[in-house]
Amino acid sequence: MVRKLADSGFKVSISPRGASRLKDGHVWVYRSDIVAADEVPPGSVISVVDHRGQPLGCALYSSSSQIAIRLISHEPVVDFPALLRQRIADAIAYRERTVRDTNAYRVVFSEADFLPGLIVDRYNDVLSMQILTQAMDAEIVRQTLTSDLTDRLHPVSIVERVDPRVRQLEDLPPRESGLVQGEKASTIFTMNGVQLHFDALEGQKTGAFLDQRENYAATAEYAHGEALDVFCYQGGFALHLAARCSHVAGVDSSRPALEVADQNAALNRRDNQPEIEWIEANAFDLLKDYASSGQRYDTIVLDPPAFAKSKRDLDAALRGYKELNLRALKMLQPGGVLVTCSCSYHVSQADFLGMLADAARDAHRILRLAEIRGQAKDHPILLNIPETAYLKCVIAIVS
Ligand code: SAH
């Protein structure tokens, strides 16, 4: 299929509800708000008009996703690759202003950088790219992205991380994860002075949760004594805790994640720091056992996977969060530090704080919220696109 470089000439008209969403600053239009989109090829750059034919901007069209339209510009687009290059330049300039103490960060965060369907992460000298929409999957777009990212960031290689489920939803042909440029698929990167392994081909998922980078540093400011990092994955929090605590244990149910965690610990081993203990276990079971056997901690981190994948899961998710937080609160010494996170978009900050208040009440503990935090600044939040804000991280002192 030939995809055009500029606005394809196709017009899609949308309902007043869709139009008001765009006017409110959002960039998505759902399929149910499309009035007419005759014969628009998948992945086209289209003009969006309201039901009276008034122009609303240019967008990327998906023929299969429920999010049929993703706005890319309020102006006509005459040269899409040029617009991509400009957006990438803007995204990099924003990171230059906001990212410190690391050579690993999110360079492009999809809608939050007005590049819907594109995620680019930098891990030192390796770039990892994810393509999530039909329009971004076009060959001409791929070529523009790789050449422009290479010119600006000079990576040794670029790897593509494929999410097969998203490709299916977008009706795109299957594709393997792997190198798209260069030979190097693994590297070592640094954040807050801590070194970590990245391996695009071996590692689970992204290789690291870059969105927690600033929360790792903030946690280290309060952490002390006996520390437990629950849902530790490859050790992000635990490695930062080791610089401040007398003993650190990390818990995860994934053995491959713990193996990388142990390699990360070896990279950062210092004589004056405790050796981190890695425990392969179901976190719910372990917290239950430890709480009932009278185990006590000075610092506990809870960073579970997203419990609410959709709005429907909200109540069950809140029950899961509450169980974890309740058990952790019971195990914290007076003056202890609870660092508790949720990466579920469907659990709002208010829901999360409400759950924590319930857990504190049931545990008969008083929580002072030292910090209410979110995702690192390289994962920008756009106020008018609520879906760009997903991570909650509360640091509380427990008495
Ligand atoms: N704190 C980590 C990220 C955690 S991601 C960091 O900063 O890098 C969530 C982790 O929870 C994954 O590593 C996954 O293996 C683990 N996990 C999921 N369910 C679990 C369970 N029931 N018990 C223990 N670990 C679990």
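The values are calculated or read from the model by the stated rules, or taken from the named source; none is laboratory data. Note that the structure is a prediction, hence the values are computed from the model and not measured. Positions of Cβ are generated from backbone atoms using ideal geometry, with glycine treated the same way; all protein chains shown enter the neighbour counts.
Scanning the stretch 277-289 for residues that are farther than 12 Å from Y233 by Cβ, within 13 Å of the ligand (Cβ to nearest atom) and not polar (S, T, N, Q) gives I279, E280, A281, F284, D285, L286, L287, K288, D289. Look at the stretch 213-231: where a residue is on the phi > 0 side of the Ramachandran plot and a partner is within 13 Å of the ligand (Cβ to nearest atom), sitting 6+ places away or on another chain with Cβ atoms under 8 Å, you get F231/V251; F231/D252; F231/A283; F231/L302; F231/D303; F231/P304; F231/P305.
Contact annotation: residue pairs with Cβ atoms under 7 Å, 6 or more positions apart or on different chains, pairing a residue in the stretch 27-42 that is modelled with pLDDT of 95 or more with a partner that is in a loop (DSSP other than H, G, I, E, B) and β-branched (V, I, T), are V27/I385.
If you go through the stretch 9-26 and keep only what is crowded, with 16+ Cβ neighbours inside 10 Å, assigned to a loop (DSSP other than H, G, I, E, B) and either free of Cβ contacts under 8 Å to residues at least 40 places away in the same chain or within 27 Å of the chain's Cα centre (by Cα) (or both), you end up with S15, H26.
The residues of the stretch 291-305 that are touching a residue at least 60 places away in the same chain (Cβ under 8 Å) and either within 13 Å of the ligand (Cβ to nearest atom) or not polar (S, T, N, Q) (or both), listed by number, are R296, Y297, D298, I300, V301, L302, D303, P304, P305. Check the stretch 209-225 and report whether any residue there is modelled with pLDDT under 95, buried (at least 21 other Cβ atoms within 10 Å of the Cβ), aliphatic (A, V, I, L, M) and touching a helix residue (DSSP H, G or I) at 6+ places or on another chain (Cβ under 9 Å). Checked the stretch 209-225: no residue is modelled with pLDDT under 95, buried (at least 21 other Cβ atoms within 10 Å of the Cβ), aliphatic (A, V, I, L, M) and touching a helix residue (DSSP H, G or I) at 6+ places or on another chain (Cβ under 9 Å). The criterion of at least 1 residues that are closer than 30 Å to L71 by Cβ and acidic (D, E) is met by the following strands (runs of 3 or more DSSP E) wholly inside the stretch 105-213: 118-123, 157-160. Within the stretch 232-240, does at least one residue satisfy the condition of being out of contact with any strand residue (DSSP E or B) (no Cβ under 7 Å at 6 or more places or on another chain), within 22 Å of G320 (Cβ to Cβ) and within 16 Å of the ligand (Cβ to nearest atom)? Checked the stretch 232-240: at least one residue is out of contact with any strand residue (DSSP E or B) (no Cβ under 7 Å at 6 or more places or on another chain), within 22 Å of G320 (Cβ to Cβ) and within 16 Å of the ligand (Cβ to nearest atom). For the stretch 241-276, a residue qualifies if it is near the ligand (Cβ under 8 Å from one of its atoms) and over 20 Å from F189 (Cβ atoms), and the qualifying residues are V251, D252, S253, S254.
Among residues of the stretch 343-354 that are aromatic (F, W, Y), those with a Cβ under 8 angstrom from a residue that is within 16 Å of the ligand (Cβ to nearest atom), sequence gap 6+ or separate chain, pair up as Y345/A306; Y345/A308; Y345/Y390; F352/Y321; F352/S342; F352/K392; F352/V394. Filtered by the rule that a residue be without any contact (Cβ under 8 Å) to a residue 60 or more places away in the chain, in contact with a helix residue (DSSP H, G or I) (Cβ under 8 Å, 6 or more places away or on another chain) and either in a strand (DSSP E or B) or surrounded by 14 or more Cβ atoms within 10 Å (Cβ to Cβ) (or both), the stretch 256-287 gives A261, A265, I276, W278, I279, E280, A283, F284, L287.
If the condition is being touching a helix residue (DSSP H, G or I) at 6+ places or on another chain (Cβ under 6 Å) and under 15 Å from S15 (Cα atoms), then the stretch 52-65 contributes only L56.
I92 meets all of the listed conditions (1) among the β-branched types (V, I, T); (2) within 29 Å of P173 (Cβ to Cβ); (3) in contact (Cβ under 8 Å) with a residue 40 or more places away in the chain; (4) assigned to a helix (DSSP H, G or I) but one, namely (2).
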